[in-house]
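Take a look at the structure set out below.
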Amino acid sequence: MNARQATSLAAVALAFAGLYARGLLEPSAAGFIVRQGPAETRSAAPSYKAQLLPNSSVESVHSATAIETSDGRMRAFWYGGTREGASDVAIYMSTYSPPTGKWSPERVLVSRGLVERQLQRYIRKLGNPVVGRDQRGRIWLFFVSVSVGGWAGSAINAMASDDEGENWSPPRRLIASPFFNISTLVKGPLVQLTDGTVALPAYHEFLGKFGELLRLDGEARVVGKTRLSWGKSSLQPVIVPHSETEAVGFMRYAGDPPVRVLMIRTGDGGGHWTAPIKTGLPNPNSAVASVLLAGGPLLLAYNNAEENRESLSLAVSTDFGDTWRVARTLESESQLPRAPVAEYSYPWLMQDRSGDVHVLYTWGRSRIKHVVFNQAWLEGGSQ
């Protein structure tokens, strides 16, 4: 190939990339679907329960995600192995039964070898899973894989289940970029949209740290994307709709002091977002979780410290994020039992159909902890 041919080919490639990006970046006319409140309410008496999920398989676990099934159970997923980033890391699953209050023994759902065989490409390691449901009722599991380099070389993969998580389709790689398709990761839950698509919060760590909202069609193909932030200090977005047009987002902050939870807003269904601002809530460069509870209060789980992940708290806002009250402390240096490693991080929040609130998080990097409580317990807190 001569220089002239090479130049022509490069021009064609750039033109294609421009058209691809233009199509993806056009704002969607869809709005948010706000989750309906619980169909029933339980006793007003405060209730609280905490337990560790089973782990008889690996030394290290991290980054839990969970979903309620149609029969009222809950399935949780996380990754585990010798350590974060090790070649033996796999995605694990366990199922919670509310009548018994117990979790099933963990089992491997996705191994590195399985992903290699299905994708027919080398896979170095696996990372964060995120589970969610589309409007057809299917459950989708998204997870991170890396073929070359560190987390900045990540791609997102998807699997679907038509039977509430009993069986799954083979993993498939999402195409989120026209070139290389790397540096795209997930942590926040899916958001359903009024046009039948879903929005998947994602973030990048290559040459910067910033958030995006990927819009996926019914087969989890990327049909649009919206930038949520810019620069090198915002990642792991969590989006919480308040109406069809309004939503608030929270992001992990990886910048200069003061270190705080970042917040963004949209008033046009996610077409445009405000620049991230720092809330008054500390954030030691760690993931946060949020959910809009029945009746309107906004709940946030976060590491309530500036330098470590030893304190995990719940904050409540009754004005959709303008002001906050720290309602409860789930973990701290003074609380027992303490984990072997003082880290309580990467929370996942959800409210089930009966109104109970569930928090799953990494407990000492060796177990996933499950805390379930009602709003009476949450509102009764004074700290």
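The values are calculated or read from the model by the stated rules, or taken from the named source; none is laboratory data. A quick note: this is a predicted structure, and the numbers were derived from the prediction, not measured. So basically every Cβ, Gly included, is an ideal-geometry build from the backbone, and we count neighbours across all protein chains shown. Heads up: the accessible areas ignore ligands, DNA and RNA and are worked out on the full protein's heavy atoms, side chains in. Shrake-Rupley method; radii C 1.70, N 1.55, O 1.52, S 1.80 Å.
Per residue, how large is the accessible surface of the chain? Use a 1.4 angstrom probe and give square angstrom.
Per-residue value: 43 Å².
So what is the relative contact order for segment 128-203, in percent, with contacts set as C-alpha pairs under 8 Å and at least six apart?
Relative contact order comes out at 30 percent.
Roughly what would the spin-label model give for Ile277 and Asp88, points 7 Å off Cα along C-beta, in nm?
Those two pseudo-labels are separated by 4.9 nm.
At a 1.4 Å probe, what is the % contribution of carbon and sulfur to the accessible area of the chain?
53 percent
Given contacts defined as C-alpha pairs under 8 Å and at least six residues apart, what's the relative contact order of segment 229-383, whole-number percent?
Here the relative contact order equals 15 percent.
If DNA, RNA and ligands are ignored and the probe is 1.4 Å, what is the ranking of Ile33, Ile277 by accessible area, most exposed first?
The residues order as Ile277, Ile33, largest area first.
Would you kindly state how much longer the chain becomes between Gln51 and Leu207 on full extension, computed as 0.36 nm times their sequence separation minus their alpha carbon distance, in nm to one decimal?
Roughly 52.2 nm would be gained on extension.
Out of residues 5 or more away from Glu164 or on other chains, whose amide H comes under 5 Å of its own, with H placed 1.01 Å from N in the peptide plane?
Those lying under 5 Å, H to H, from Glu164 are Ile139.
How much length, in nm to one decimal, is gained on full extension between Glu59 and Ser111, taken as 0.36 nm per residue of separation minus their Cα-Cα distance?
That pair, Glu59 and Ser111, stretches by 17.1 nm at full extension.
What do you get for the angle between helix 3-25 and the principal long axis of the chain? Use alpha-carbon atoms, 0 to 90 degrees, nearest ten.
That helix lies at roughly 30 degrees to the long axis.
Which entry in (1) 33, 24, 21; (2) 48, 24, 17; (3) 36, 21, 19 is this structure's computed semi-axes √(5λ) of the Cα gyration tensor in Å?
Here semi-axes √(5λ) of the Cα gyration tensor in Å agrees with entry (1).
So which aspartates and glutamates can Lys102 reach, going by Cα to Cα under 17 Å and dropping same-chain residues fewer than 8 places off?
Glu68, Asp71, Asp352, Asp356
What are the lysines whose alpha-carbon lies under 29 Å from the alpha-carbon of Lys125, with same-chain residues fewer than 8 places away excluded?
Qualifying lysines at Cα under 29 Å: Lys187, Lys209, Lys225, Lys232, Lys369.
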